[in-house]
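*Asks:* To start, I am sharing the structure in question, which I have written as structure tokens.
Every read-out reported here was derived from the displayed coordinates using simple, explicitly stated rules and does not represent laboratory data. Just so it is clear, the model here is predicted, and its values are computed rather than measured.
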Amino acid sequence: MEVESAKKVLFVDDDNEFSDKARKILENENEKIDVITASSTSQALHLLEKNDFEAIVSNHQIFESGSEEFLDEVRGDKEMEIPLILFAEKRKKEIVLEALELGANRVLNKGEDGIKLSCKILSKALKQEIQNYRNKKELERYRNEFDRDYKIFKI
């Protein structure tokens, strides 16, 4: 049986106190989650260059401050899209629609029901999104192997 590796998550929020609390709760909630925090999109871009993340969690407001470069990096020319979950302080219909248009997989309330409950919901969402991400990567790997083997057989 294959041992499940840690899920590396990038948590982007300019509220360092919230990020630190969320990191601790998420890592306590699920020891298989390794959370790395960034307080700006430029710091997040740097971390994305140096690490292989399986999910990104970000405060929705960060995207309102001209973060197109960050979104291009996350949603740009990559073959496989990294799951992106946005936290919105208020879950208004306009915010949710905008976030989904920006490429978010999910939009969750940020601390409205308390940080522990928000992180418990986030932990479950991360588990599902990362599993979907891993499944897509595995399927793509099998497709590539099949295509390679088919070309060899066809020759």
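*Asks:* What pairs in K21/K92; K7/K120; K24/K137 have C-alpha atoms more than 21 Å from each other?
*Replies:* Working: K21/K92 25 Å; K7/K120 16 Å; K24/K137 28 Å.
Result: K21/K92; K24/K137 exceed 21 Å.
*Asks:* Something else about it: If the chain between K21 and N51 were fully stretched, how many nm would it gain, using 0.36 nm times the residue separation less the Cα-Cα distance? If you can, show how the numbers build up before the last one.
*Replies:* Numbers: separation 30, 0.36 × 30 = 10.80 nm, distance 2.21 nm.
Stretched out fully, the K21 to N51 stretch lengthens by 8.6 nm.
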